Amino acid sequence: MEQIIVPDAINLEDDAVVILWEDAHRSPFPHRYLRLRCPCANCVDEMSGKRTLDPDTVPSDVKALDQLPAGKYGIQFLWSDAHYTGIYTYKVLRAACPCIICGEARAKVNNSNGNSADGGAGDLPAGDANPS
Ligand SMILES: [Zn+2]
Ligand SMILES: [Zn+2]
């Protein structure tokens with residue numbers, strides 16, 4: 001049984017989509033950061049999970065104009081580039097939280113469980129090659 005943390009509030013602010021989670025965590029997602037993570041079939045190849053969205057086609061000032069819940073588990077955003085088909089699950093959003101705390105936690109765990117379509121953070125384990 002998987003526990004999913006859900007948002008208490010999602011605020012579309014000027015420079016970020018700010019999610020306040022029920023566990024009092026706060027995730028400030030820059031608009032474009034989220035837009036580039038759109039999980040819809042236009043932005044990600046469903047077969048390979050590869051991201052097909054070309055970041056160059058996304059305006060640098062793209063913004064979430066509106067939001068609507070997608071079932072109990074996620075949310076859709078209406079983007080200023082007229083894109084809205086992606087459903088961002090709360091699980092994915094929380095996992096993508098850009099805050100420092102989560103960044104450090106991710107760096108610690110760092111076991112890729114392979115089902116995220118994340119191409120290229122390039123964090124190869126370094127320095128483990130020569131056990132002394
Ligand atoms: Zn999309
Ligand atoms: Zn966080």
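The values are calculated or read from the model by the stated rules, or taken from the named source; none is laboratory data. Treat the numbers as computed from the prediction; the structure is a model and nothing was measured. When we count neighbours, we look across all protein chains shown, and the Cβ atoms used for this are built from the backbone with ideal geometry, even at glycine.
So, in segment 13-33, of the ones that are outside any loop (DSSP other than H, G, I, E, B) and more than 14 Å from ligand 2 (Cβ to nearest atom), which residue ends up farthest from Ile75 (Cα to Cα)? The extreme case among them is Arg32.
If you go through segment 63-90 and keep only what is of a type in the set (D, E, K, R) and at pLDDT 95 or above, you end up with Lys63, Asp66, Asp81.
In segment 88-99, the residues that are touching a residue at least 12 places away in the same chain (Cβ under 8 Å) and near ligand 2 (Cβ under 10 Å from one of its atoms) form Cβ pairs under 9 Å with partners that are in a helix (DSSP H, G or I) and among the small types (Gly, Ala, Ser), at six or more places apart or across chains, as follows: Cys97/Gly103.
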